[in-house]
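What follows is a single structure, written as structure tokens, with notes after it.
Read-outs: derived from the displayed coordinates by stated rules, not from any lab. Nothing here was measured: the structure is a model prediction, and the numbers come from that model. So basically every Cβ, Gly included, is an ideal-geometry build from the backbone, and we count neighbours across all protein chains shown.
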Amino acid sequence: MSRGGPTEAQLQLLGYDTTTGKRRPAPPPSPPPLPPTAYAESAPSRPPVSPQVGYDFVDATWNHLLIGKGRNRWSTRNGVPHMHTPQKTIDAEKDLKGVLTLALPPGFELIRFPVQLLIDVRKAITLSWSKRKKADAEANLIRPTAKPDSDNIIKLVSDAANKVVWVDDTQVVDIQLVRYFAPVEGLRIRVRRAPSPPFWEHIA
């Protein structure tokens, strides 16, 4: 090395090997940072520690002929009147309870706070309808209005979810139900933390 030239420390900073006098190969560039959505997709799927409003604790699909909660019936046994639940209601509630159980995430514990219940009621399109009417149904230009009633569907879902999703159906403080035609008949059921109604902000 000639007098007045760069020192070894300066050569190292410039990327030279002081033994061979050759420039060391540049390190490979670091990968660009992932966008926020990529971190969410690469992270393991698990419930948040403190789920916020909008998080689905349960998202279950029940492909079944639509049925609502039937009224209790009176019958007489040996001259003594008895009240009983229709067998169709018992069977449907048992089946729906099983579907909800399978939809629960691992480690799920019964919900003990107010919840929002969202129900999609999907009615199968009648095969004998004309092409035009079927097209109108698919485009939601016509909506199903036949039985079962919406309130009986809500009651069936609420009772099936007792001791499976929540402790008691009195925790359901917000209900949204929408009915429309679809290729497969049944229900889609979602349970979320209940949001605060906007009008609460304006109560003195």
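Tabulated results
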| read-out | value |
| --- | --- |
| GluC sites (Glu not before Pro) restricted to DSSP loop in the range 91-163 with at most 13 other C-beta within 10 Å | E109 |
| Loop-located chymotrypsin sites (Phe, Trp or Tyr not before Pro) in the range 125-183 whose Cβ has at most 16 other Cβ within 10 Å (DSSP) | W129 |
| Residue pairs, from the table K88/K147; K69/K134; K94/K133; K69/K131, whose Cα atoms sit over 26 Å apart | K69/K134; K94/K133; K69/K131 |
| For the range 80-169: rounded, prolate or oblate by the Cα gyration tensor [a/c cutoff 1.5] | oblate |
| Loop-located trypsin sites (Lys or Arg not before Pro) in the range 119-173, at most 16 other Cβ atoms within 10 Å (DSSP) | K163 |
| Estimated vicinal HN-Hα couplings, Hz - the range 88-101 in sequence order (Karplus 6.51, -1.76, 1.60; Gly, Pro = x) | 4, 5, 4, 5, 5, 5, 5, 5, 5, 4, x, 5, 5, 4 |
| Magnitude of the charge dipole, the range 128-180, Cβ model with Lys/Arg +1 and Asp/Glu -1, debye to 20 | 540 debye |
